[in-house]
1. In this structure, does A:Phe96 turn out to be hydrophobic (A, V, I, L, M, F, W, C), at the interface with chain B (Cβ under 10 Å from one of its Cβ atoms) and either in contact with a strand residue (DSSP E or B) (Cβ under 6 Å, 6 or more places away or on another chain) or under 19 Å from A:Gln24 (Cβ atoms) (or both)?
2. Residues to consider are A:Arg36, A:Arg50; find the one that is more than 10 Å from every other protein chain (Cβ to nearest Cβ), touching a Phe, Trp or Tyr at 6+ places or on another chain (Cβ under 7 Å), in contact (Cβ under 8 Å) with a residue 40 or more places away in the chain and open to solvent by less than 70 Å² (accessible area, probe 1.4 Å).
3. Pick out, from chain B, the strands (runs of 3 or more DSSP E) lying fully within it that include 3 or more residues that are within 14 Å of chain A (Cβ to nearest Cβ) and within 30 Å of A:Phe49 (Cβ to Cβ).
4. Can you tell me which residue is nearest to the chain's Cα centre (by Cα) among those in region A:3-38 that are more than 23 Å from B:Phe103 (Cβ to Cβ) and not in a strand (DSSP E or B)?
5. Just to be sure, is B:Leu109 closer than 30 Å to A:Cys92 by Cβ and either over 10 Å from the mean Cα position of the chain (by Cα) or open to solvent by 20 Å² or more (accessible area, probe 1.4 Å) (or both)?
6. What pairs come up if the first residue lies in region A:1-14 and is within 19 Å of A:Ala72 (Cβ to Cβ), the second is open to solvent by 100 Å² or more (accessible area, probe 1.4 Å) and of a type outside the set (Phe, Trp, Tyr), and their beta carbons are under 9 Å apart, counting only those six or more places apart or on different chains?
7. Which members of region A:53-90 meet the condition of being open to solvent by 20 Å² or more (accessible area, probe 1.4 Å) and within 14 Å of another protein chain (Cβ to nearest Cβ)?
Amino acid sequence: DARVTQTPRDKVTEMGQEVTMRCQPILGHNTVFWYRQTMMQGLELLAYFRNRAPLDDSGMPKDRFSAEMPDATLATLKIQPSEPRDSAVYFCASGFFAPSGSPLNEQFFGPGTRLTVL
Amino acid sequence: QKEVEQNSGPLSVPEGAIASLNCTYSDRVSQSFFWYRQYSGKSPELIMSIYSNGDKEDGRFTAQLNKASQYVSLLIRDSQPSDSATYLCAVNMDQEYGNKLVFGAGTILRVKS
């Protein structure tokens, strides 16, 4: 049963603390996305990687957020220092992109990490 | 103007009726379009994808695409209470890199039994 996994599922922390969220993409997928969802802003793309290389992180606050892919089976999103306005659900999604392949390029979401910063 | 627009709803339909969800997008070069269903407290689940003009059917779901009008819709036939959820329209707007989706704010659907 291929699916994206994320840990932790819930995280409560205090302002100023470091938060690390992890994602395991579906095996064989070469593109990984980080999204943030809030009631006010909806679903926002923070960053994404293809073949572990960052392609776009323009949606991410650069001063406190960082995203990496140490290997093909792990993507991380770190917030340091965390602030109450970072409280949201963070989703990881993965897909397979082939330039000469199907234009559909579907993405599949993980269960999300619900972050609460007090 | 938002890149992907949806009516926030809620759209209320009786059980057994057809639910029609609509989405417009601003980028004429967009090539692929997706509908995700999101239950409260859960992650978005891909239910339909389409890239050719016309209709695409999958079970009770039909996606309709009209690129000239920059319009994509989702029809749900024989609506069930279990279809009650938020439906997100997503558009692939980055042809150079592929995969980059822009999401609408979502339409809340309520199916009344």
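The values are calculated or read from the model by the stated rules, or taken from the named source; none is laboratory data. Just so it is clear, the structure is predicted and the values come from calculations on it, not from any experiment. Cβ atoms come from the backbone with ideal geometry, glycine included; neighbour counts cover every protein chain shown. Note: areas computed on protein heavy atoms with side chains; ligands, DNA, RNA excluded. Shrake-Rupley method; radii C 1.70, N 1.55, O 1.52, S 1.80 Å.
1. Details: hydrophobic (A, V, I, L, M, F, W, C): yes; at the interface with chain B (Cβ under 10 Å from one of its Cβ atoms): yes; either in contact with a strand residue (DSSP E or B) (Cβ under 6 Å, 6 or more places away or on another chain) or under 19 Å from A:Gln24 (Cβ atoms) (or both): yes.
Taking the combined requirement at face value, the residue satisfies it.
2. On the way: A:Arg50 fails: more than 10 Å from every other protein chain (Cβ to nearest Cβ).
Just one listed residue meets the conditions, A:Arg36.
3. By residue number, B:4-6, B:33-38, B:45-50, B:85-92, B:101-103.
4. Within region A:3-38, the match that is nearest to the chain's Cα centre (by Cα) is A:Pro8.
5. yes
6. Close Cβ pairs satisfying both conditions: A:Ala2/A:Leu27; A:Thr5/A:Arg22; A:Gln6/A:Arg22; A:Thr7/A:Arg22.
7. Once the filter is applied, which keeps residues that are open to solvent by 20 Å² or more (accessible area, probe 1.4 Å) and within 14 Å of another protein chain (Cβ to nearest Cβ), region A:53-90 yields A:Ala53, A:Pro54, A:Leu55, A:Asp56, A:Asp57, A:Ser58, A:Gly59, A:Val89.
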